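S.K.: Dropping a structure here in structure tokens format, bear with me for questions.
Bear in mind that the values in this text are calculations on the coordinates, not laboratory data. The structure presented is a predicted model; accordingly, all values stated were derived computationally and were not measured. Cβ atoms come from the backbone with ideal geometry, glycine included; neighbour counts cover every protein chain shown.
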Amino acid sequence: MKDLLRQMGRAAVLAILLGMTLAPQSALAVQPDEILDDPVLEQRARDLSKGLRCLVCRNENIDDSNAELARDLRLLVRERLVAGDTDDEAIDFITDRYGEYVLLNPRTGGSNWVLWAAGPVMLITGLGIGLIYLRRRSRATETALSQDEEARLKEILDR
Amino acid sequence: MREVVGAARGQAYNRGMVTELGHFALILALFVALIQTIVPLVGAHKRWPGWMAVAEPAANAQFLLVAFSFAALTHAFVTSDFTLRLVVENSHSLKPMLYKVTGVWGNHEGSMLLWILILALFGASAAWFGGALPPALRARVLAVQGGIGLAFLAFLLFTSNPFLRMAMPPLDGRDLNPLLQDPGLAFHPPFLYLGYVGLSMAFSFAVAALIEGRVDAAWGRWVRPWTLAAWIFLTIGIALGSWWAYYELGWGGFWFWDPVENASFMPWLIAAALLHSAIVVEKRESLKSWTILLAIVAFGFSLIGAFITRSGIITSVHAFATDPERGVFLLAITALFMGGALTLFAARAEVLSSKGVFAMLSRESLLVLNNILLAVAAFVVFVGTIWPLVSELLFDRKLSVGEPFFNLAFTPFFVALGAALPIGAMMPWKRAKAGRVLRKLLPAAVLAIAVLALVYALQTGRSALGPVGLMLATWLVVGALTDLWARKGNSPLSRLLRLQRSDYGRVIAHAGLGVTIAGIAGLLAWQSEDIRVMQEGESLTLAGYDITLQSVERVQGPNYISTTGQVLLSRNGQNIATLTPEKRFYPVARMPTTEAGIDNGFLRDVYVVIGDPQDGGGWAFRSYVKPLANWIWGGAILMALGGAFSLSDRRYRVAAGARKTNVQGVPAE
């Protein structure tokens, strides 16, 4: 058992090294016996599963994951939906149990505003600086190359 | 009998000898790197030609020593020398020869040695091809390159030595992770490293130019081929990894926004920005300090990538505690090079003044937009990647940032980039009239909108992804063709054959981006899926295809046992292909893998996977029809090909091969 754990640890390290997801363990993502009879409910379960993290994997959602724990979560999602939960209620039920960590789509509240605002703020800053630069370049006057630079450029281009 | 034993002992002795020499060569390489760093730098500062000239032989020597060391390690893997710990942990005597060789870099230590080998190769090629460079600049570039080598050789020898021996050698090894025993993944790391490490050349050029305080058109021309080469390799490396994930992981995902994938994607984005801004430096002597900054940051992301993948800190904060030494060392290397280069940049940036004058609407201004969008996109990926760590450390909030975030936060920038691209590619330098360019692009725009409408009308469901993706793809591909057509102007058709290769490169690479976008949109928007229990002889129908599981057999492979399904694929009674999905078990590593059965097609892939046997008989069976899947990698190949065309353009060949012309021109002294 200890040996197996070590093997798995090694596999994880290798996977990390080479940019890949965890090794398949035994099952294979969504299993035929998990699928709900009602296609509408099943589709909702699939959509929800894609946003939930497999807790023992690296950034993998439970819909794709092969881990046993992911299967348990998939079954839990389906259980909640069958019990009549809305999507939000089902998600709340799971985050109450497993914490915010389980959400692959981080919430917008609290300190996370930094994460969500980073792109737009950076874009506005970038565009602002870019515009200032462009204005300056469009108003500048062409500086002639110095003699030394002329010679160097000619030497390079003539080769 | 005694002779046989003696011979065997002698063989073992020789084998040990080669390994020890490899280890020794690595230590020697460290000292050579030290010389390569210090002597030419001092020489360039004091204008001592003799000291500067040390750089070239030192770069060559470093390459040869590291190459020998790498060959010795490969030799140990190939001959299954189980006295080496690394070989025991990552190889097995029964493993196919290909994977014995690729096993060399299928682990942390060996892959780090490959990293250093490629670094030394780049250093040496700067010595080989750098004949046209001014001696002081060349000496400084090689010195910086030597400094990077020094840091990583020290990292390897002190924290991750691949040549450690076992006190009690076992009879056989523990085998390479079966997932890595695959051609796609075997060659994914070397390409990726060629890309990561190739960016060190841009970095070295940037630092050398900052020390000299001069960046001009020639500098732009020298730095661009190296960046281009690095970007081509990164493109191929990323595409190989994504392709591997697609066929190997069992459900056909191709990109997961995983921290480790992001680690390769950020340098790719920055390198793409650098490629474009270096053109402005070369042609217009503008955007100099920005280009230098990009060159520094691009390699910075390579270093951060090495840190992310090898310390495990992003994947799990706790992994850091299990091996703090490596993480801290890599963080120190990153801090040293980034801190040093950025300080130098802050001190010297003001001497890098722009020369060119251009209007608000010009090729220059559109390239600035390209750079802003690419840099912001890379920044979003960076923030998303490190946010779980930052959030836990600063706000004590344990959370995940996954695919939904990146899809939402990253995609808009890329859509904007794609929308502006064909316009920017056709803008004239200095001053442009928007009307003239837009008129030429009118057919492309009309066609793109027609595709949007057509696809929207044809598709079932109301997803915007498919129609918008294909519209953007059409705009990019037809825009690229328009670009090519406009180059021809009013001259006869044969003019097309005489265009510069960089023109072809640009057009092919831009069209490639469109093809990749089409593939991603098609696959994500219109994939069909079926999951069920299948008995032998049973059939199912999916998206018009009939899929029959004819039989399931047990097959013995070289180092695995396989459950292989025979699956007949047909449509309207016509047989198309027989697919053989496998589920393999590797007894030594005690790990299962899945090998999907895929029928590749131009417009779609049919993808079947066999799973576990079920209690009530039959097998778990998944089948997918994946529209346009191959376009994703086809587009990547086009992008790399376009890069290669640009790289072979006359002006870079001239810049690179100038030494030969020189030698011919000047008689022997």
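S.K.: In nanometres, what is the gap between the two model label sites at B:Val555 and B:Val446, each 7 Å from Cα along Cα-to-Cβ?
M.R.: Reported label-point gap for B:Val555 and B:Val446 is 5.3 nm.
S.K.: Then there is this: Considering Cα pairs under 8 angstrom that are at least six residues apart, work out the relative contact order of region B:1-176 and quote it in whole percent.
M.R.: Once divided by the residue count of region B:1-176, the mean separation gives 34 percent.
S.K.: Any chance you could list the semi-axes, whole Å, largest first, of the equivalent ellipsoid that the Cα gyration tensor gives for region B:10-109, using √(5λ)? Intermediate results must be reported in sequence, preceding the final value.
M.R.: Details: eigenvalues 260, 34, 18 Å².
Its equivalent ellipsoid spans semi-axes of 36, 13, 10 Å.
S.K.: Determine ³J(HN,Hα), in whole Hz, for all residues of region A:49-56 in sequence, where each value follows from phi through the Karplus function 6.51 cos²θ - 1.76 cosθ + 1.60 and θ = phi - 60°; x replaces Gly and Pro.
M.R.: 4, 5, x, 10, 8, 6, 5, 9
S.K.: Please list, ordered by chain and number, the residues whose modelled amide H lies under 5 Å from the amide H of A:Arg58; skip anything fewer than 5 residues away on the same chain.
M.R.: Residues meeting the amide H criterion: A:Leu22.
S.K.: Same structure, new question: Through the Karplus equation 6.51 cos²θ - 1.76 cosθ + 1.60, θ set to phi - 60°, convert the phi angles of region B:569-577 into ³J(HN,Hα) values in whole Hz; use x for Gly and Pro.
M.R.: 10, 9, 9, 6, x, 9, 6, 9, 6
S.K.: Cα gyration tensor of chain B, axes a ≥ b ≥ c as square roots of the eigenvalues: rounded (a/c below 1.5), prolate (a/b > b/c) or oblate?
M.R.: oblate
S.K.: Further question: Rounded, prolate or oblate, given the Cα gyration tensor of region B:331-371, with a/c below 1.5 counting as rounded?
M.R.: oblate
S.K.: From the backbone phi of region A:111-123, what are the Karplus-calculated ³J(HN,Hα) couplings (6.51 cos²θ - 1.76 cosθ + 1.60, θ = phi - 60°) in whole Hz, Gly and Pro given as x?
M.R.: 5, 5, 4, 4, 4, 6, 7, 3, x, x, 4, 5, 5
S.K.: With the calculation restricted to Cα positions, what are the radius of gyration and Dmax of the protein assembly as shown in angstrom?
M.R.: My reading of the Cα-based Rg and Dmax gives 28.1, 91 Å.
S.K.: Something else: I need to check one value: relative contact order of region B:424-543, counting alpha carbon pairs closer than 8 Å and at least 6 residues apart, in percent.
M.R.: After rounding, I find 26 percent.
S.K.: Could you work out the relative contact order of chain B, using alpha carbon pairs under 8 angstrom and six or more residues apart, expressed as a whole percent?
M.R.: Numbers: 1175 pairs, mean separation 77.7, N = 669.
Reported as a whole number, the value is 12 percent.
S.K.: Amide H of B:Asp612: which non-local residues (sequence gap of 5 or more, or other chain) have their own amide H closer than 5 Å, using H built in the peptide plane?
M.R.: For B:Asp612, the qualifying residues are B:Ala620.
S.K.: For B:Lys583, give me every one of the lysines with a C-alpha distance below 24 angstrom, ignoring sequence neighbours fewer than eight places off in its own chain.
M.R.: Cross-link targets: B:Lys95, B:Lys100, B:Lys626.
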